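The structure under discussion appears below in the form of structure tokens.
Taken together, the values in this text are just the output of simple stated rules run on the coordinates, not laboratory data. Note that the structure is predicted; figures quoted are calculated from it, not measured. Ideal geometry is used to build each Cβ from the backbone, glycine not excepted, and the neighbour counts take in all protein chains shown.
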Amino acid sequence: MKHHFVGIAGNIGVGKTTFTDLLCKRFGWDPHYEVVVDNPYLKDFYGDMLRWSFNLQIYFLSKRFQVQKQIQKLSNTIVQDRTIYEDAKIFARSIHDMKNMDDRDWENYQELFGEMTSYLRPPDLIVYLQASTDALISRIKKRGRDYEQDIDLEYLHLLNIYYDRWINELLESKEIPVLVIKTDGKDFLTDPDYCENVYQQIYNFLNKE
């Protein structure tokens, strides 16, 4: 099997990190996790989006770009917990559309994102973990991260809309291959049959002739 680059995409609370860990253990692949706990802007952002949105998005963009540079030198199949594309297509765009990032910062961010991604290898496959807003809320409460407990529910729902729109655009353009996995009513940690089915879908997709 040749080495691949797989991106795990999905909204806050959908289970990307858990799934990345399980998938990599299943096949012996290398995980690259999203930097969240050490993000110095996240708590401030949830308290004042307008003030901290640009700082937050630049931080995420910088960290994910560092990971992407490592991915350029594949020595094994790599699985990335959230892709760099989600920063621009979902989070920065929704924040700007909600008037929580001004036009000047948005244009600056877009230009920087375009320059950075022009040098990067796109994923061989994006696995989109899809969940309803109600399911996301339940999972966020269950995992109990302090900085996530005050997330605006309308904002979470808006992100879901942006995710579905972005994934549909990718499916239509075929710019990057996408596999959509519906996760409502499923649990990666307690449903091994469900997990194995998803694992095999990903493996078969990467290795199809």
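Values computed for the structure shown
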| read-out | value |
| --- | --- |
| Set of lysines near Lys99 by C-alpha distance (under 21 Å), chain-local residues within fewer than 8 positions excluded | Lys43, Lys89 |
| Computed [θ] at 222 nm, helices only, for the chain once each DSSP H run of length n ≥ 4 contributes -39500 (n - 2.57) | -16500 deg cm²/dmol |
| Over region 5-206: Rg over Rh, Cα atoms, Kirkwood Rh | 0.94 |
| Phi to ³J(HN,Hα) by Karplus 6.51 cos²θ - 1.76 cosθ + 1.60 over region 191-206, Hz, x for Gly, Pro | 10, x, 5, 4, 4, 4, 4, 5, 3, 5, 4, 5, 4, 5, 5, 5 |
| Long-range amide H partners of Leu125 with built H, under 5 Å | Phe5, Gly7 |
| Kirkwood-based shape ratio for region 157-209, expressed as Rg/Rh from alpha carbons | 1.04 |
| Extended-chain gain in nm, criterion 0.36 nm per residue less alpha-carbon gap, Lys69 and Lys25 | 13.5 nm |
| In degrees, nearest ten, helix 49-71 long axis to first principal axis of the chain (Cα) | 30 |
| By average C-beta atoms within 10 angstrom, highest first, the peptides 113-122, 100-109, 131-140 | 131-140, 100-109, 113-122 |
| Helix 103-117 vs. the chain, principal-axis angle (Cα, 0 to 90°, nearest 10) | 30 |
| The chain: angle of helix 133-143 to the longest principal axis, Cα-based, in degrees nearest 10 | 90 |
| Whole-Å distance, taken between Cα centres, linking region 1-21 and region 41-115 | 17 |
| Separation of the Asp193 and Arg165 label points, Cα + 7 Å toward Cβ, nm | 3.9 |
| Percent RCO, i.e. relative contact order, over the chain, from Cα pairs under 8 Å lying at least 6 residues apart | 31 |
| Shape of region 1-125, Cα gyration tensor, a/c cut at 1.5 | prolate |
| Amide H partners (placed H, <5 Å) of Glu34, local residues excluded | Asp81 |
